[in-house]
Amino acid sequence: MSKKNLLIFMPSIDGWGVEKNFFLIINYLGKNFSNISLITSDKSIKKRIDKNINLISPNSNFWRTKSRYSKYFISIIYLIKFLIFNRNTLVFSFQANLYAILISKIFCKKIITRSNSSSEGWSQNFIKKFIYKIFLKLSDQVIVNSYDFKKELDSKFGINSIAIFNPLNKSFIQKKSKEKFKFKFYKDNNIKLITVGRLEDQKDQQTLLKAINLIKVKNIQLLIIGDGSKKKKLNDYIIKKKLSSLIKIISYKSNPYKYIKKANIFVLTSKFEGLPNVLLETQVLKKYIISTNCPTGPREILMNGKAGDLVKIGDYKSISKKILDYSTRNNKFKNELKRKINFGYKNLNRFDYDLNMKKYYDLVKKHYKNG
């Protein structure tokens, strides 16, 4: 029998948290498995992957600027071709999981899939829920990134997923946060707020803008780091409400940590998540966190409010109140805030890089041997 192949499937790589975890995981696997390949639509990532990983992608940059579903299409062609000529293969899919499951099962291959965000974002109607219920059961193992997510997925789709936290490299984040740079927006004595994420409906930055508009205090500033389809809408709101001196939007940064380091408060307003990396990274930098209690992840990271404050989705009034509480804080409030921040930092060991990478390795090795 030919030597076993480990095939990673990730059609579209666009940046942000999902891709950050993806590179951490596959590079770790690349150092521990000899026959490992990656199928993606973007050949430019060659420098970002371990030298042991065989990159399978189009030679042209044509697909790089195409839609996500176009990238799915070309990657699926490569997946089919690979499975035709490599019979002894274990597939590990990070994206387009339904397609990957269907094709793997047609070719009688074992497949591990990783789900990144709450099913609230991708199975709202009956038909989608029905389809996912069938296909997720066909996956030999479903991995999720939080225990709340596991409970949700298992009960909704009748599966037995396994939760492995996102691996967190504390020393890397701390090192990157110390990079010097010039940034003139924040004023020294102001209350500095920040949020980082794609400018899409899921992240709901509109709620945070409403909170700032309700406050309209000159010594409170908000920085938004991100790109996406809602950017124009957000900018239009800022102009309409005359908030330009208080709110600034800048594009995606590969090193957001140095900006978070300058801030006092991080605010997450998402409607759904999986396990938001940015909250973990903010805890590494010991900042106060206000987050929506969305499915899934924030409640788990903030330990039911012991390590930060949780509010209802879309509740801009509660967010504005907590920001104002911070700006007018007394000694009792300051001590409580410090306790929450330190409590969150001390409990980050759950997300330790080596601990969670070992879990990935052990799980893949198990299916790799038994396939």
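The values are calculated or read from the model by the stated rules, or taken from the named source; none is laboratory data. Only a predicted model underlies this, so the values are computations on that prediction, with no experimental measurement involved. Cβ: placed from backbone, ideal geometry, glycine included. Neighbour counts: every protein chain shown. Just the protein is used for accessible areas: all its heavy atoms, side chains included, with ligands, DNA and RNA removed. Shrake-Rupley method; radii C 1.70, N 1.55, O 1.52, S 1.80 Å.
Return the residues of region 236-267 that are surrounded by fewer than 16 Cβ atoms within 10 Å (Cβ to Cβ) and assigned to a helix (DSSP H, G or I); say none if nothing qualifies.
ASP236, ILE239, LYS240
Pairs please, first residue from region 317-331 and modelled with pLDDT under 90, second anywhere and in a loop (DSSP other than H, G, I, E, B) and surrounded by fewer than 14 Cβ atoms within 10 Å (Cβ to Cβ), Cβ atoms under 8 Å, 6+ apart in sequence or on different chains.
Partner pairs satisfying both residue conditions: SER327/ASN219.
So how many residues does region 268-281 have that are surrounded by fewer than 24 Cβ atoms within 10 Å (Cβ to Cβ) and farther than 13 Å from GLY197 by Cβ?
Residues that pass the stated criteria total 1.
Are any of the residues in region 222-232 out of contact with any Leu (no Cβ under 9 Å at 6 or more places or on another chain), open to solvent by less than 10 Å² (accessible area, probe 1.4 Å) and touching a residue at least 60 places away in the same chain (Cβ under 8 Å)?
No, every residue in region 222-232 fails to be out of contact with any Leu (no Cβ under 9 Å at 6 or more places or on another chain), open to solvent by less than 10 Å² (accessible area, probe 1.4 Å) and touching a residue at least 60 places away in the same chain (Cβ under 8 Å).
Pairs, please: C-beta under 8 Å, at least 6 apart or cross-chain, first residue within 14 Å of SER44 (Cα to Cα) and aromatic (Phe, Trp, Tyr) and in region 58-72, second outside any loop (DSSP other than H, G, I, E, B) and modelled with pLDDT of 85 or more?
Pairs that qualify, where the first residue is within 14 Å of SER44 (Cα to Cα) and aromatic (Phe, Trp, Tyr) and the partner is outside any loop (DSSP other than H, G, I, E, B) and modelled with pLDDT of 85 or more, are TRP63/SER70; TRP63/LYS71; TRP63/ILE74.
So, in region 19-40, how many residues would count as being free of Cβ contacts under 8 Å to residues at least 40 places away in the same chain and within 21 Å of TYR252 (Cα to Cα)?
Counting residues in region 19-40 that are free of Cβ contacts under 8 Å to residues at least 40 places away in the same chain and within 21 Å of TYR252 (Cα to Cα) gives 2.
Does VAL284 satisfy the condition of being farther than 24 Å from TYR257 by Cα, of a type in the set (A, V, I, L, M), crowded, with 18+ Cβ neighbours inside 10 Å and at pLDDT 95 or above?
On the way: farther than 24 Å from TYR257 by Cα: no; of a type in the set (A, V, I, L, M): yes; crowded, with 18+ Cβ neighbours inside 10 Å: yes; at pLDDT 95 or above: yes.
So VAL284 does not fit the description; no.
Inside region 169-217, can you point out the residues that are of a type in the set (S, T, N, Q), open to solvent by less than 70 Å² (accessible area, probe 1.4 Å) and assigned to a helix (DSSP H, G or I)? Spell out how you get there, then give the answer.
Step one: filter region 169-217 for residues of a type in the set (S, T, N, Q), giving 169, 171, 174, 177, 189-190, 195, 202, 205-207, 213.
When the remaining residues are screened for being open to solvent by less than 70 Å² (accessible area, probe 1.4 Å), the result is 169, 174, 177, 190, 195, 202, 205-207, 213.
GLN174, SER177, GLN205, GLN206, THR207, ASN213, listed by residue number.
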